[in-house]
Amino acid sequence: AKLDGRSTFRFFEPAMDARMQARRRLELDMRQALARREFLLHYQPQLSLADDRLVGCEALIRWRHPERGLVSPLDFIPLAEEIGLIVPIGEWVIRQACRDAASWPRPLSVAVNVSPAQFKSDRLVETIVSALSLAGLPAARLEVEITEGVLLQENEKTLHTLHRLRDLGVRVSMDDFGTGYSSLSYLRAFPFDKIKIDRSFVTDICAQTNPGAKADGEAIIRAIAGLGRSLGMTTVAEGVETEEQLHRIRAEGCTDVQGYLISKPLPADDLLRLLGASATP
Ligand code: C2E
Ligand code: CA
Ligand code: CA
Ligand code: CA
């Protein structure tokens, strides 16, 4: 075989091409998905440990793709962020979540994930104000979950937006706490209502029963729970899957839990049934 530079280059080209094409395809499909009503929200309940009652739900987006079936947000949110589509998609999430929450038989809070790009777009506060008023949902029942990414370019505008939301009565949570490099400094930058302790720390507890786990998960959870108590913030442990993890988390003083043990994220109808059933917490 001839091994000139060209043939080597051509060897890699088809694979690269296929990836680019798949990405373009996804992008084109995603641009039409809103109009075609292919997005939907699942809701994952959060339990308060003080009284073992459901206190809220996190809205998690899914995409019912005509050929691929139900697509995980991990497979399209990053691209949506990259190409700016996250702004209209995020607006749909906020409106839909407020509408759904207003129809629940109990006044649970609803949490939505908000991406950095939505904070840059200028429309976030207006979107939230109009979604609340259209749905007739009190601001205090809406929660906005942000990751460090939002505060990374910690500019005046982002902080101003967060304070405007707080002034409206919307609650603000720090998501995936502990995974970034400067989680602590962000707690000082803004008075969050809630800290969501990243699932990785929960996975790392119970070192005896889970030999692969790092032993420090429990100590970190204890420290974050203490921090939350001192700062007057709710602390939610994410990704709780076992009774043993729940037991430890309770002992370490977290206020709330969320995870498959309590419930997987549910379609809106299933959540309604759960909330409507009188025998549930
Ligand atoms: P996240 O905000 O950290 O959401 C929690 C994720 O953990 C969800 O994955 C949830 O289904 C999953 N989870 C909950 N409990 C457990 C558990 O016990 N075990 C395990 N293994 N996983 C659990 P999901 O729904 O696939 O969402 C992934 C990420 O996609 C979210 O992470 C969030 O960053 C993003 N996302 C989801 N919906 C939206 C949205 O509407 N807007 C934006 N901007 N991002 C979203
Ligand atoms: Ca979240
Ligand atoms: Ca999280
Ligand atoms: Ca996450």
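The values are calculated or read from the model by the stated rules, or taken from the named source; none is laboratory data. A quick note: this is a predicted structure, and the numbers were derived from the prediction, not measured. Every residue, glycine as well, gets a Cβ built from its backbone with ideal geometry; the counts of neighbours run over all protein chains shown.
Checking each residue in the range 131-153 for being exposed (fewer than 15 other Cβ atoms within 10 Å of the Cβ), in a loop (DSSP other than H, G, I, E, B) and not small (G, A, S) picks out P138, Q153. Among the numbered conditions (1) crowded, with 18+ Cβ neighbours inside 10 Å; (2) in contact with a Leu (Cβ under 7 Å, 6 or more places away or on another chain); (3) not acidic (D, E), the only one that A80 does not meet is (2). Based on this model, can you work out whether F190 counts as modelled with pLDDT of 90 or more, of a type in the set (F, W, Y), in contact with a strand residue (DSSP E or B) (Cβ under 6 Å, 6 or more places away or on another chain) and under 29 Å from A139 (Cα atoms)? Here the answer is no, as F190 does not meet what is asked. Among the residues of the range 249-267, those that are in a helix (DSSP H, G or I) and surrounded by fewer than 20 Cβ atoms within 10 Å (Cβ to Cβ) comprise R250, A251. Checked against the criterion of being within 16 Å of ligand 4 (Cβ to nearest atom), outside any helix (DSSP H, G or I) and either closer than 19 Å to L47 by Cα or modelled with pLDDT under 95 (or both), the range 198-221 has at least one qualifying residue. Checking each residue in the range 168-181 for being within 19 Å of the chain's Cα centre (by Cα), outside any strand (DSSP E or B) and more than 16 Å from ligand 4 (Cβ to nearest atom) picks out only V170.
Annotation: of all residues in the range 222-248 being part of a helix (DSSP H, G or I) and within 20 Å of the chain's Cα centre (by Cα), the one that is nearest to A102 (Cα to Cα) is G228. For the range 53-86, the tally of residues that are part of a helix (DSSP H, G or I) and either more than 14 Å from ligand 2 (Cβ to nearest atom) or β-branched (V, I, T) (or both) stands at 8. Residues considered: V170, V144. Of these, the only one that is in contact (Cβ under 8 Å) with a residue 12 or more places away in the chain and within 16 Å of ligand 3 (Cβ to nearest atom) is V144.
So that you can scan it fast, the table gives a plain yes or no per residue for (1) under 17 Å from the mean Cα position of the chain (by Cα); (2) over 15 Å from V144 (Cα atoms); (3) within 16 Å of ligand 4 (Cβ to nearest atom):
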{"position": "F39", "(1), (2), (3)": "yes, yes, no"}
{"position": "L47", "(1), (2), (3)": "yes, yes, no"}
{"position": "L54", "(1), (2), (3)": "no, yes, no"}
{"position": "I61", "(1), (2), (3)": "yes, no, yes"}
{"position": "L70", "(1), (2), (3)": "no, yes, no"}
{"position": "P73", "(1), (2), (3)": "yes, yes, yes"}
{"position": "E81", "(1), (2), (3)": "yes, yes, yes"}
{"position": "G90", "(1), (2), (3)": "yes, no, yes"}
{"position": "I94", "(1), (2), (3)": "yes, no, no"}
